Amino acid sequence: MDSKTIKEALLKGERVTLECKKAKAEVPKSIWQTYSAFANTIGGLILLGVDEDLQEKDVSKRFQIIGVDEPSKIITDFWNTLNSDKVNENILLDSDVEVVWMAKPIYLNGNVYKGTYRRNNEGDYHCTEAQVKAMIRDSNADGNDSILIEYYGMDDIDPDSLRQYRTEFRQENSTHVWNQVDDKTFLRNLGGYTEDRQTGREGLTLAGLMMFGKGLAIRDRFANFRMDYLDMSHLVGDERYHDRLTYDGLWENNLYQFFRIVSPKIQFDLPKPFKLEKGWKRKDDTPQREAVREAFTNAIIHCDLMMDAGILRIEKHDDRLCFRNPGLLKLPVETIYRGGNSKARNPKIQNMLRMIGFGENVGSGFPKIIAAWKETNWGEPQLMNKLDVDEVELVLPVPSTKATSDTAPVNAPANAPVKLNKTQSAIIKVLLKDNRATY
């Protein structure tokens, strides 16, 4: 069953084979009378998360889809009761009970901008126009990044970024037929370039511009979007940070370069000898390093690139890594923890990264992060849907890198923190700041 089928059923109102219940936070007690009635008649459909306005005379306007707060909990409670002595026989199969994700926004009185609400700690409140527009963008089943960006073409692509990407692509896919095509065809195959067959217009997609575009072209089109990396570990005195990557005119600030430059920086202090292959990828990876790259990839592919004042921000602290991206979660948190579902805002960018060895597109990314952290005693990852600022933050606890003693005990673990002298500290800072530096 899909959202279209449900909406069509509601237009006809409740009848002998349809029952709607609000069920916002729990399984309603009245569901069992309906279960018995349907079973003893000709069967039927029970919809939870649907509110009915009994005063509305127009049947097509009587029902409002409001959803439920914790669908996985409601399903568990439903099956537990059904398999108890509440009813004498369970006549349902697993496939008879399902969660249907409805495209947002869900609004009232036929007015999307005045009738759309969200909930915070204090109750229900009207959504802003920007929040409604974000929901409308997210309702696109094909994601946000395949749209044609008019008046932007191959001249707006940074040649070095595309060349570096194609080198990585060739290393990962040495026999792929795309290796033989020109840059424009290559981008088109990736979803970075498109043509509108009806109008004949062609140019870069949102994915193509944001991944490989020149910094100036990106800023011209998306002036309010920023990428920011802050290293706030190893601070001395009143330092706020000792390494930052934001727009300064020294690099082409597209997503590919941001990912390429920042990835080694956030992995540098993780327990493992520092050894690279293919220029900047880890050799002999640990699950934790792979999980960190997965977290970074997720922040990019779930980023709402068209949100006003959106910031893709990565922070490195002595005891944690923080990944923040504009745009709220498209799936409930419990569904993401469970895995098996993937709804990227930027599926074209997701595929671009996957083709060079980064990220999953089968919903297994976050469970992989959880599993990697369970192997350690570093603490539990925290995924937060921050409604007040319309962003998602993932915090990964890591072993503290802050020096606590002059020397580590002889029998200390290999990853135990040690105090560095001035020369050692200077070397570390160079290595952290310049991803081309080695030792």
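The values are calculated or read from the model by the stated rules, or taken from the named source; none is laboratory data. Here the structure is a predicted model, which is why all the values come from computation and not from measurement. All Cβ positions, glycine included, derive from the backbone under ideal geometry; neighbour counts span all protein chains shown. Accessible surface areas use protein heavy atoms only, side chains included; no ligands, DNA or RNA. Shrake-Rupley method; radii C 1.70, N 1.55, O 1.52, S 1.80 Å.
Calculate, for S425 and N173, the FRET efficiency according to 1/(1 + (r/R0)^6) with r their C-beta to C-beta distance and R0 45 Å; round to the nearest 0.05.
Details: r = 41 Å, r/R0 = 0.92.
Efficiency for this residue pair is about 0.65.
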Quiz item: Which distance in nm do the two modelled labels at E375 and N111 give, with both placed 7 Å along the Cα-to-Cβ direction?
Solution: 5.6
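Given the Cα-Cα distance of E129 and E26 and 0.36 nm per residue of separation, how much length would full extension add, in nm? Each step should come with its number before you reach the end.
Details: separation 103, 0.36 × 103 = 37.08 nm, distance 3.11 nm.
Gain on stretching E129 to E26: 34.0 nm.
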Practice problem: Rank-order 300-307, 181-188 by packing density, defined as the average count of other C-beta atoms within 10 Å over each peptide's residues, highest first. | Solution: 300-307, 181-188
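If you place +1 on the Cβ of every Lys and Arg, -1 on the Cβ of every Asp and Glu, and leave all else neutral, what size is the dipole of the chain about its Cα centre, to the nearest 20 Debye? If you can, show how the numbers build up before the last one.
Working: 61 positive and 65 negative charges, 158 e Å.
Magnitude of the dipole: close to 760 debye.
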Self-check item: Accessible surface, per residue, of the chain when the full set of protein chains is kept, probe 1.4 Å, Å²
Solution: 54
Exercise. Of the options C20, Y337, S84, report the single residue whose Cα projects farthest towards the positive end of the charge dipole of the chain (beta-carbon charges: Lys, Arg +1; Asp, Glu -1).
Key: Y337
Self-check item: Mean residue ellipticity (222 nm) of the chain, computed from DSSP H runs ≥ 4 via -39,500 (n - 2.57), nearest 500
Solution: -9500 deg cm²/dmol
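Given a 1.4 angstrom probe, I'd like the percentage of the accessible area of the chain that is carbon and sulfur, rounded to a whole number. Walk me through the numbers on the way to the answer.
On the way: 11450 of 23840 Å².
Accessible surface attributable to carbon and sulfur in the chain totals 48 percent.
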Quiz item: For labels at M384 and N140 in the simple 7 Å Cα→Cβ model, what's the distance in nm?
Solution: 3.0
Practice problem: Take the alpha carbon gyration tensor of the stretch 302-367, find the square roots of its eigenvalues, order them as a ≥ b ≥ c, and report rounded if a/c is under 1.5; if not, report prolate when a/b exceeds b/c, else oblate. | Solution: rounded
Quiz item: Long-range amide H contacts for S364: which residues qualify at under 5 Å (H placed 1.01 Å from N, peptide plane, sequence gap of 5 or more or a different chain)?
Solution: G340
Practice problem: Please work out how much length the chain gains when fully extended from W101 to A37, using 0.36 nm per residue of separation minus the C-alpha to C-alpha distance, in nm with one decimal. | Solution: 20.3 nm
Quiz item: Across the stretch 303-319, in residue order, what do the Karplus-derived ³J(HN,Hα) couplings come to in whole Hz, using 6.51 cos²θ - 1.76 cosθ + 1.60 with θ = phi - 60° and x for Gly and Pro?
Solution: 6, 7, 6, 9, 6, 4, 6, x, 10, 8, 10, 10, 10, 10, 10, 4, 10
Quiz item: To two decimal places, what compactness ratio does the chain give when its Cα radius of gyration is scaled by 2.2 N^0.38 Å?
Solution: 1.15
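How far, in nm, would the chain grow between R15 and N120 when pulled straight, counting 0.36 nm per residue and subtracting the alpha carbon separation? Before the final figure, lay out each step's value.
On the way: separation 105, 0.36 × 105 = 37.80 nm, distance 3.48 nm.
Taking 0.36 nm per residue and subtracting the Cα distance, the gain is 34.3 nm.
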Self-check item: Amide proton proximity set for D243, modelled H, under 5 Å, gap of 5+
Solution: D231
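Give me the compactness ratio for the stretch 1-93, meaning the Cα radius of gyration over 2.2 N^0.38 Å.
1.11
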Quiz item: For D53, what is the net charge nearby, where nearby means another residue's Cβ is under 12 Å from its Cβ and Lys, Arg count +1, Asp, Glu -1?
Solution: 0
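Quick one: dipole size for the stretch 1-122, taken about the Cα centre, charges +1 on Lys/Arg Cβ and -1 on Asp/Glu Cβ, in debye to the nearest 20.
On the way: 17 positive and 19 negative charges, 112 e Å.
About 540 debye.
Mind ranking 371-380, 347-356, 139-148 by how tightly packed they are, going by the mean number of other C-beta atoms within 10 angstrom, highest first?
Values: 371-380: 14.2, 347-356: 22.6, 139-148: 16.7.
With the highest mean Cβ count within 10 Å placed first, the list reads 347-356, 139-148, 371-380.
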Quiz item: Considering amide H positions built from the backbone, and no H for Pro or chain starts, which residues 5 or more places from H234, or on another chain, come under 5 Å of its amide H?
Solution: D318
Quiz prompt | 14 Å Cα-Cα reach of K29 towards aspartates and glutamates, excluding residues that sit fewer than 8 places from it in its own chain | solution = E19, D77
Quiz item: Tell me, what HN-Hα J-couplings in whole Hz come from the Karplus equation 6.51 cos²θ - 1.76 cosθ + 1.60 at θ = phi - 60° for each residue of the stretch 243-260, using x for Gly and Pro?
Solution: 8, 9, 10, 9, 5, 9, x, 9, 8, 7, 7, 9, 5, 5, 5, 4, 5, 5
